[in-house]
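Report on one structure; see the data block that follows.
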Amino acid sequence: MSPCDACSKPGKCCRSFVLNFPSQPTMTPLEALSIMAAHWLPFMPLMRYQNGVFRFWCPLLGTDGRCTDYESRPDTCRVFRPASDPLCVMWEALPQIDVGIPKEAAA
């Protein structure tokens, strides 16, 4: 079972997120939208911080918070793993992963 199936706020991760792409403080929302279109990404600029970083949202979210085009979703969405990032509401809810370091070595 995916953590998405138990998510208390489906779609929150896709309603407001930052993408790592080159931007300038003077870049306009239309320019950011053009970059998204050039990479076949459906994301829409939501806001721009003073340093030029954009916050995006995905217009493919349904009213239930699920992707309406899941089978054709972008690679960016395909590689995102639920609970792998603070963007996911399940981030803090899941136990820490045991990486196999003996407790003696960590002390």
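Read the figures in this text as sums done on the coordinates, not as results from a lab. Because the structure is a prediction, the values reported are computed rather than measured. Neighbour counts are summed over all protein chains in view; Cβ atoms, including those assigned to glycine, are modelled from backbone coordinates with ideal geometry.
Collect the residues in region 60-78 that are assigned to a loop (DSSP other than H, G, I, E, B) and under 14 Å from Pro10 (Cα atoms), keeping them in residue-number order.
Selection gives Leu60, Gly62, Thr63, Asp64, Gly65, Arg66, Thr68.
Can you tell me which of Val79, Val18, Val53 is in contact with a strand residue (DSSP E or B) (Cβ under 8 Å, 6 or more places away or on another chain), of a type outside the set (Asp, Glu) and surrounded by fewer than 14 Cβ atoms within 10 Å (Cβ to Cβ)? Let's see the steps before the verdict.
Numbers: Val79 fails: in contact with a strand residue (DSSP E or B) (Cβ under 8 Å, 6 or more places away or on another chain); Val53 fails: surrounded by fewer than 14 Cβ atoms within 10 Å (Cβ to Cβ).
When all the criteria are applied, what remains is Val18.
Might you check whether a residue that is part of a loop (DSSP other than H, G, I, E, B), in contact (Cβ under 8 Å) with a residue 40 or more places away in the chain and crowded, with 16+ Cβ neighbours inside 10 Å occurs anywhere in region 26-33? Outline the logic, then answer.
Going residue by residue through region 26-33, those that are part of a loop (DSSP other than H, G, I, E, B) are 26-28.
From what is left, the residues that are in contact (Cβ under 8 Å) with a residue 40 or more places away in the chain are none.
No, region 26-33 has no match at all.
Need pairs with beta-carbon distance below 7 Å; first residue part of a loop (DSSP other than H, G, I, E, B) and within region 79-92, second among the charged types (D, E, K, R); sequence gap 6+ or separate chains.
Taking only residues 6 or more apart or on different chains, the pairs are Val89/Lys9; Val89/Lys12; Trp91/Asp85.
Among the residues of region 4-16, how many are within 17 Å of the chain's Cα centre (by Cα) and either farther than 17 Å from Tyr70 by Cβ or without any contact (Cβ under 8 Å) to a residue 40 or more places away in the chain (or both)?
Keep residues of region 4-16 that are within 17 Å of the chain's Cα centre (by Cα), which gives 4-5, 7-16.
Pick out the ones that are also either farther than 17 Å from Tyr70 by Cβ or without any contact (Cβ under 8 Å) to a residue 40 or more places away in the chain (or both) and you get 5, 8-9, 16.
Total satisfying the criteria: 4.
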